[in-house]
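The values are calculated or read from the model by the stated rules, or taken from the named source; none is laboratory data. Owing to the predicted nature of the structure, the values given are computational and were not obtained by experimental measurement. Cβ: placed from backbone, ideal geometry, glycine included. Neighbour counts: every protein chain shown.
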Amino acid sequence: MVFDAGHLYGLILLLAAVLVGYLLYAGRFRKLKSGELDRITGSYYRGLHYLLQARTDKAIEALSEALENDSDNVEIHLALGHLFRQRGEVDRAIRLYQNLIARPTLSFQQRNGVLHELGVSYSQAGLFDRAEELFRQVSERSDAYGSALNSLLEICEQEQDWDKSIQVAQQLERQSGEPQGQKIAHYLCEKAAREQAAGNGAAQERLLKQALRANGDSPRANLMRAEQLLLAGQAKPARRSVEQLAERRPEMIPDLLDLLTRCYRQLDDGAGLIQALQVLFKRHPSPELLSRIVALLRESGDPLGAAEYLTAEANGVLSPLILNALVSTRQTELPDDIRARIDQLLLTLSNHLLQSGHAYQCLRCGFTGRQLHWCCPGCGRWETMVPAQASDCAHG
Ligand SMILES: [Zn+2]
C-alpha cells in the first residue's frame, strides 16, 4: 500500500479536527491549566505544520511529544502509525497498533479503525495471512465496514487468488450495494487466461461466458471471447463481437484493428474490411484507423486512392503515425496537386509535433506506459488506462 497525497490530506484533516476539538474543549471548560493546554496544542500545531510541509521526521517528533502529554488520544496514535508506515518503518507501526489494540478503553469504532490499520500494516509487511484474518474479523464485526473488505480484496488480488477475489467482491457487493461486476469479470478473465494457457478450451469458454454475465460490457471478456471464436473458425460471431465493442468503446479501436482484420481475412472479405473501417473512421476518427485504412488501400492495389484518402482525412488526426504515412506516401508517384497537399500537411504537422505516439495513460493517476494494462500499475484501478494520443496536438 502506497502512502499517497490522499492519505496525507486525510492525516492533515484528522489532526486539524483534533486540534479544533481541543480548542472547543478549552473554550468551554477551561479546566486545563493554560500552560498545559498550550503545550498540547503547540505540539499539534507543529505536527500539523510539518505535515503540511510533508516533513515526516519533524511531524513524528512533534506528534510523539503531543502523545507524551495526551497518551489516550487514539487519533494521534493512528496519525503516528501512518507516518511510520510512510517512512517505511512498518514494524514500528505494527507495534504501535498492537499496543493500542490492547487498550480496554477503545470504542467499538476506534477498535475497528485500529484493526484495519494493523491489517494494512501487515499487508505492507508481506504478512498476508495475518492481514487477511484481521480484515475478515473487521468485516464480520461490522456490516458497514466496507473498507476492510476492500483491503481484503486488495490482498486477494496481490496473491492472484481469483476464486477468493470473486468471493470477497460478491460479499462487498452484498454489503455495500456497490456493483462489483467490472472487477468480477476481470477475475474470471484471469481464470480464463489460465485455462487457455493450459489448453483447456471448454473451461476457458465457460469462464468467459460467466465473465460476460458478470459484466456484458467487459471489453476484456469480449475480446478474449472473440479471439476464441476466431480460433475456432467462427469468424462471423467474432467479427460481430469486435464491431460491437468498437462502437461501445471507441477509445479501444486502435487495439481492435488487428483482431478485426483477422476476422475479415478469415471471411476472405478485404473490400468489406476497408469499407467497415471507413465507416468507423467517420464516427470515431483516429490516426491508427486512418493509417490502417491507407495501408489496406495501398495493399489492395490502389495507391492513388490511398493517397487521396490520406490527404483528405489527415488534417483532423495529425500525429507521428500520420507523419509516417505522409512521408511514405510522398515517396510514391503522385499527381502534383496531391503532392502539394502532402507538403502542406507535413509543414503543419512539423509545427505541431510534440511527443511520442501510441502510449497509454491512466485517467485516474496519470501513470503512462508503452502497453495497455488492464489494471493500472500506478493506482491499481481496473480499466483506467487509455491511449494518450499525440493527436490532440492537431486541435491545440
Ligand atoms: Zn492509475
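List of remarks:
- Filtered residues of the stretch 211-257 (kept if outside any helix (DSSP H, G or I), small (G, A, S) and at negative phi): G216, S218, A232
- Selection status of E89, over 28 Å from Q210 (Cβ atoms) and not small (G, A, S): yes
- Of the residues making up the stretch 260-271, those that are among the hydrophobic types (A, V, I, L, M, F, W, C) and either free of Cβ contacts under 8 Å to residues at least 12 places away in the same chain or crowded, with 19+ Cβ neighbours inside 10 Å (or both) are L260, C263.
- Tabulated pairs, the stretch 322-333, first surrounded by 15 or more Cβ atoms within 10 Å (Cβ to Cβ), second hydroxyl-bearing (S, T, Y), C-beta under 7 angstrom, 6+ apart or interchain: I322/S291; A325/S291
- Only listed residue being among the hydroxyl-bearing types (S, T, Y) and outside any helix (DSSP H, G or I), chosen from T311, T332: T332
- In the stretch 73-85, the residues that are in contact (Cβ under 8 Å) with a residue 60 or more places away in the chain form Cβ pairs under 7 Å with partners that are of a type in the set (D, E) and assigned to a helix (DSSP H, G or I), at six or more places apart or across chains, as follows: L78/E117.
- Taken over the stretch 232-279, the residue count meeting the criterion of being within 29 Å of P303 (Cβ to Cβ) and of a type outside the set (S, T, Y) is 31.
Quick grid of which residues meet (1) at pLDDT 85 or above; (2) buried (at least 21 other Cβ atoms within 10 Å of the Cβ); (3) not small (G, A, S):
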position: L83; (1), (2), (3): no, yes, yes
position: R95; (1), (2), (3): yes, no, yes
position: I184; (1), (2), (3): yes, yes, yes
position: Q196; (1), (2), (3): yes, no, yes
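- Checking each residue in the stretch 334-368 for being modelled with pLDDT of 85 or more, under 14 Å from P387 (Cβ atoms) and of a type in the set (A, V, I, L, M) picks out only L363.
- Members of the stretch 334-383 that are within 16 Å of the ligand (Cβ to nearest atom) and loosely packed, with under 11 Cβ neighbours inside 10 Å: R370, Q371
Quick grid of which residues meet (1) in contact with a strand residue (DSSP E or B) (Cβ under 6 Å, 6 or more places away or on another chain); (2) free of Cβ contacts under 8 Å to residues at least 24 places away in the same chain; (3) assigned to a helix (DSSP H, G or I):
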| residue | (1), (2), (3) |
| --- | --- |
| H116 | no, no, yes |
| V138 | no, no, yes |
| S165 | no, yes, yes |
| P179 | no, yes, no |
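- In the stretch 121-136, the qualifying residues are those that are assigned to a loop (DSSP other than H, G, I, E, B) and within 17 Å of Q86 (Cα to Cα), and the one that is modelled with the highest pLDDT is A125.
- Qualifying residue in the stretch 272-288 (condition: within 30 Å of I166 (Cβ to Cβ), surrounded by 14 or more Cβ atoms within 10 Å (Cβ to Cβ) and within 32 Å of the chain's Cα centre (by Cα)): no
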